[in-house]
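Structure, as structure tokens:
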Amino acid sequence: MIRDDWKTATGASLGLRAAVHLLTFTAVPDQPGFGDLVTILDLPWDGEIVRMGQVTDWAAVVDFAAAADVPDRDRRMIAMAAGYAGGPPVDLEAAVGFAGDPAAAQRVIEAFAIATGHGDRWELTERPAPSA
């Protein structure tokens, strides 16, 4: 069973919630060796024990992504995720690179809303690009 209320139950910070939102959009977690960067926790929850994973060293995730066979877009998203999680600061100019990638841009905007505490207030809907 996949729980989607983990953010509240674990007490994750808004920045960490935004970071995980970006991480899950990338192919990085699917790469061999990524599991070595995840700590497994057994969390008591509603009378049950729920097993979950937690990234604690986001700088290591940035280094891992840099060496992984993933698109550059994923590396930039991981860098932004690490910044949200309290890792190495990121120049937000990197977000400009997502201008031609509506799906990635949407994820970045959603992460910003999450990090500011408003992730549950808006739903973004893509419209067709304006014709030239």
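All of the numbers you see were taken from the coordinates with simple rules; none came from a lab. Remember, it's a predicted structure, so these values are computed and weren't measured experimentally. When we count neighbours, we look across all protein chains shown, and the Cβ atoms used for this are built from the backbone with ideal geometry, even at glycine.
Mind telling me which of I49, I40, I114 comes out most flexible in a GNM of the chain, alpha-carbon contacts under 10 Å?
Its mean-square fluctuation being the largest, the pick is I49.
Build a GNM of the chain with springs between Cα atoms under 10 Å: which of A103, A85, A115 gets the top mean-square fluctuation?
So, out of A103, A85, A115, the one fluctuating most is A103.
Hey, what angle do you get for helix 102-115 against the long axis of the chain, alpha-carbon based, 0 to 90 degrees rounded to 10?
50
Find me the longest stretch of the chain that has none of the exposed GluC sites (Glu not before Pro), where exposed means in a DSSP loop (not H, G, I, E or B) with at most 10 other Cβ atoms within 10 Å. Intermediate results must be reported in sequence, preceding the final value.
On the way: sites that count: E123, E126.
Counting at most 10 other Cβ atoms within 10 Å as exposed, the longest clean stretch of the chain is 1-122.
Ranked by Cβ crowding within 10 angstrom, fewest neighbours first, how are S13, S131 ordered? Write down the numbers at each step before the final one.
Numbers: S13 14, S131 4.
Ordered from fewest to most neighbouring Cβ atoms within 10 Å, S13, S131 come out as S131, S13.
Over the chain, what is the mean sequence separation of C-alpha contacts under 8 Å (at least six apart), divided by residue count, expressed as relative contact order in percent?
Values: 137 pairs, mean separation 38.6, N = 132.
Reported relative contact order: 29 percent.
Just one of [x] 1.36; [y] 1.11; [z] 1.51 is Cα Rg over 2.2 N^0.38 Å as worked out from the coordinates here. Which one is it?
[y]
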